[in-house]
Amino acid sequence: MSSSRLASFCFTLALLWALQALASEVELRVETVLATNSSTEFDNRLTDMKSQLERTFHYSSYHLVQEVHRKVNWGHQEDFSLPGGRLLQIIPKGYTNHRIALQVMLMEGSTPSPLMNASLSFPNNGMVFFAGRKHQSGILIIRIGAAATE
């Protein structure tokens, strides 16, 4: 192999390594919203999702009860304690074609048993909603988002 081809090969490897290092972390966002019909109050911290919440879920009041942002390494499980004694486990699986793949498991109980186990894939900086678990006088809506450095 000529020295110019070797140099080109080494440069390509270094570039790939640098890109991998940039994408070695993903930022996970988990927001938990309590939706009820006990009032007509709308939490102004939820402005970015107001139309989506009101269009999808038919409640008169939405309140952000928890918001967590964490940077995690690909392939490593991250646990999020949720209101009501639930546990959300997320494993960022991969990043391909500007899409993030996550394994998500929602657990409940003193000896946790899975309520949900799902493999998700959505665009970088995208998000997904889960809802339906009763809590207090309403339901909990969980929004999961993820962003990888490109």
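Which residue is surrounded by the fewest Cβ atoms within 10 Å (Cβ to Cβ), if the candidates are limited to region 62-84 and must be farther than 14 Å from MET105 by Cα and of a type in the set (Gly, Ala, Ser)?
So in region 62-84, the residues farther than 14 Å from MET105 by Cα come out as 62-75, 83-84.
Still in the list and also of a type in the set (Gly, Ala, Ser): 75, 84.
Numbers: GLY75: 10, GLY84: 14.
Only one residue tops the list, namely GLY75.
Residues being in contact (Cβ under 8 Å) with a residue 40 or more places away in the chain and either part of a strand (DSSP E or B) or surrounded by 19 or more Cβ atoms within 10 Å (Cβ to Cβ) (or both): count how many of those fall in region 125-150.
In the first step, residues of region 125-150 are kept if they are in contact (Cβ under 8 Å) with a residue 40 or more places away in the chain; the result is 127, 129, 131, 133, 135-150.
Narrowing further to those that are either part of a strand (DSSP E or B) or surrounded by 19 or more Cβ atoms within 10 Å (Cβ to Cβ) (or both): 127, 129, 131, 133, 135, 138-148.
Residues that pass the stated criteria total 16.
Hey, can you tell me all the residues within region 100-119 that are surrounded by 14 or more Cβ atoms within 10 Å (Cβ to Cβ), touching a residue at least 24 places away in the same chain (Cβ under 8 Å) and closer than 17 Å to TRP74 by Cα?
Listed by number, the residues that qualify are ILE100, LEU102, VAL104.
Can you go through SER119, SER137 and tell me which one is over 21 Å from SER38 (Cβ atoms) and out of contact with any Asp or Glu (no Cβ under 6 Å at 6 or more places or on another chain)?
That would be SER119, the only listed residue that is over 21 Å from SER38 (Cβ atoms) and out of contact with any Asp or Glu (no Cβ under 6 Å at 6 or more places or on another chain).
Since every read-out is calculated from the coordinates, none of them should be taken as a lab result. Since this is a predicted model, take the numbers as computed values, not measurements. Positions of Cβ are backbone-derived with ideal geometry, glycine not excepted, and every protein chain shown enters the neighbour counts.
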